[in-house]
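Trainee: Dropping a structure here in structure tokens format, bear with me for questions.
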């Protein structure tokens, strides 16, 4: 979600990459809630860290959950590391109507975090 929002709001300022600790398909709820705000993620997938390690120099690395912050390695040549403590919506254990609410809340929180971060950097987000 963070990758998608950063591309939408400031893709002309950043080359945006996203990787996770467990590569694979995106959670269907992620695809659904992002589609609700006009972002198609149906062809996206969770890439593994090894796809970028020692291959890309990052000016910023943003982690969005405690587990990622604790487990993600330091990338050589990496600039600033940023941590946004956001609960993983996939950890919600309950019925689908509760899951969708949880994913929407996470989506909205990530969108706000991205916008706030861009403002801190002095970047005017695109609409």
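Trainee: To make sure I understand, if each residue's beta carbon is the centre and we count other beta carbons within 10 Å, what order do 25, 3, 87 fall in, fewest to most? Intermediate results must be reported in sequence, preceding the final value.
Mentor: Details: 25 10, 3 18, 87 14.
Ranked by crowding around the Cβ, least crowded first: 25, 87, 3.
Trainee: Counting only helical runs of four or more DSSP H residues, what would the 222 nm mean residue ellipticity of the chain come to if each run contributes -39,500 (n - 2.57) and the total is spread over all its residues? Kindly include the intermediate steps, with their values, before the conclusion.
Mentor: On the way: 4 runs with 50 residues, N = 127.
About -12500 deg cm²/dmol.
Trainee: Can you tell me, using C-alpha contacts under 8 Å and at least 6 residues apart, the relative contact order of the chain as a whole percent?
Mentor: Details: 146 pairs, mean separation 35.6, N = 127.
It comes to 28 percent, rounded to a whole number.
Trainee: Still on this structure, please answer the following. Which entry is the computed log10 I(q)/I(0) by the Debye sum over Cα atoms at q = 0.09 Å⁻¹ for this structure: (i) -0.22; (ii) -0.25; (iii) -0.38?
Mentor: (ii)
Trainee: Sticking with this structure for a sec: Give me 17, 9 sorted ascending by neighbouring Cβ count inside 10 Å, so fewest comes first. Present the calculation step by step, with values, prior to reporting the outcome.
Mentor: Numbers: 17 14, 9 20.
The order, fewest Cβ neighbours first, is 17, 9.
Trainee: Give me 18, 111, 42 sorted ascending by neighbouring Cβ count inside 10 Å, so fewest comes first.
Mentor: On the way: 18 17, 111 20, 42 10.
Ascending Cβ contact count within 10 Å gives the list 42, 18, 111.
Trainee: Right, something else. Based on the Cβ-Cβ distance from residue 43 to residue 93, what FRET efficiency comes out when R0 is 30 Å, to the nearest 0.05?
Mentor: Numbers: r = 28 Å, r/R0 = 0.95.
The formula returns an efficiency of 0.60 here.
The numbers here are math on the coordinates, done by the rules we state, and not lab data. Everything numeric in this text was worked out from a predicted model, so none of it was measured. Ideal geometry is used to build each Cβ from the backbone, glycine not excepted, and the neighbour counts take in all protein chains shown.
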